[in-house]
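Visitor: For reference, the structure I am asking about is given below.
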């Protein structure tokens, strides 16, 4: 199927044109029975094959992409962005909101 998304950041020019900032991107993976399709973070030297029913969250400025799916199995995902308008001073995403998060890459 060659389903893939090239290397990019989620806080990109398209969001900034509408005066929005993306703090985090999140992807929920519904299945893992496809070949390929790994999530890669080239600047961090991480290549990760998400498991079914897992959620991956990364910062909006983190460079990432996916490798091509290699077989005819469809990869099912949902993507969500945590963002706000740049002029809105009422929101702050920091450790007060998220606490002491432990990040695990397996």
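The values are calculated or read from the model by the stated rules, or taken from the named source; none is laboratory data. None of the values given here were measured: they were computed from a predicted structure. Heads up, the Cβs are rebuilt from the backbone with ideal geometry, glycines too, and the neighbour counts pull from every protein chain shown.
Visitor: If I filter the stretch 72-91 for residues that are farther than 18 Å from residue 41 by Cα, in a loop (DSSP other than H, G, I, E, B) and either at pLDDT below 55 or in contact with a helix residue (DSSP H, G or I) (Cβ under 7 Å, 6 or more places away or on another chain) (or both), do I get at least one hit?
Guide: Yes, there is a match, as at least one residue in the stretch 72-91 is farther than 18 Å from residue 41 by Cα, in a loop (DSSP other than H, G, I, E, B) and either at pLDDT below 55 or in contact with a helix residue (DSSP H, G or I) (Cβ under 7 Å, 6 or more places away or on another chain) (or both).
Visitor: Also, I was wondering about something else. Regarding the stretch 45-63, can at least one residue be identified that is modelled with pLDDT of 90 or more and out of contact with any strand residue (DSSP E or B) (no Cβ under 9 Å at 6 or more places or on another chain)?
Guide: yes
Visitor: To continue, here is another question. Output the residues belonging to the stretch 1-20 that are touching a residue at least 40 places away in the same chain (Cβ under 8 Å) and part of a loop (DSSP other than H, G, I, E, B).
Guide: 1, 2, 3, 4, 5, 6, 7, 9, 10, 11, 19
Visitor: Next question. Regarding residue 63, is this residue touching a helix residue (DSSP H, G or I) at 6+ places or on another chain (Cβ under 6 Å) and within 22 Å of residue 12 (Cβ to Cβ)?
Guide: yes
Visitor: Condition first: more than 18 Å from residue 77 (Cα to Cα) and assigned to a loop (DSSP other than H, G, I, E, B). Now tell me which residues in the stretch 21-59 satisfy that.
Guide: Once the filter is applied, which keeps residues that are more than 18 Å from residue 77 (Cα to Cα) and assigned to a loop (DSSP other than H, G, I, E, B), the stretch 21-59 yields only 45.
Visitor: Could you list, in sequence order, all residues of the stretch 26-43 that are free of Cβ contacts under 8 Å to residues at least 40 places away in the same chain and within 20 Å of residue 82 (Cβ to Cβ)?
Guide: 39, 41
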